[in-house]
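Notes to accompany the following structure.
The values are calculated or read from the model by the stated rules, or taken from the named source; none is laboratory data. These figures come from a predicted structure and were not determined experimentally. So basically every Cβ, Gly included, is an ideal-geometry build from the backbone, and we count neighbours across all protein chains shown. Side chains included, ligands, DNA and RNA excluded: accessible areas come from the protein's heavy atoms. Shrake-Rupley method; radii C 1.70, N 1.55, O 1.52, S 1.80 Å.
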Amino acid sequence: MLFLGHIGITALVVSMIYLPALGGVIGVLLPDVIDKGLFTLGYAPCSRFIAHSIFFFPVAGIVSYIITRNKKFALAVALGAFLHLLQDVHDDVPFLYPMKIYA
């Protein structure tokens with residue numbers, strides 16, 4: 001999905017359930033920032049790698065909670081990362097990457 005599509009849809013969904021929209025926007029952008037950054041630096045085989053798996057969004061929520069100590073913000077980050085996967089479902093997304101290798 002396009003950059004603004006990720007942001008707009010996630011901000012709408014997160015704000016509808018009374019979570020911080022900024023947390024959702026940060027969470028929805030994290031998978032692309034991490035994976036495309038690793039790919040650009042030559043550390044990943046493709047631009048959809050470890051942060052585009054279903055194991056990433058709980059980790060993103062836990063790490064954001066450790067940093068901010070704010071449950072609503074951490075939940076918004078985790079939800080944003082999860083919504084990123086749902087919005088990328090039409091592409092070839094490696095949902096179970098560490099457990100299943102995609103060729």
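The average projected area of the stretch 35-81, computed from the convex hull of its Cα atoms over all directions, is 3.4 nm².
Taking θ as phi - 60° and the Karplus parameters 6.51, -1.76 and 1.60, the scalar couplings of the stretch 43-54 work out to 9, 10, x, 8, 7, 10, 10, 5, 7, 9, 10, 6 Hz in sequence order, x denoting glycine and proline. Rolling a 1.4 Å probe across the protein heavy atoms gives the chain an accessible surface of 60 Å² per residue.
Along its three principal directions, the equivalent ellipsoid of the stretch 1-61 from the Cα gyration tensor extends over semi-axes of 24, 12, 8 Å, largest first.
Spin-label model, S47 to R69: label points 7 Å out along the Cα-to-beta-carbon direction sit 3.9 nm apart. Candidates [x] 14; [y] 27; [z] 19; which is the computed percent of Cα pairs over 24 Å apart? The value matching this structure is [z]. Leaving out ligands, DNA and RNA, what percent of the accessible area of the stretch 1-93 is carbon and sulfur, probe 1.4 Å? Here it works out to 77 percent.
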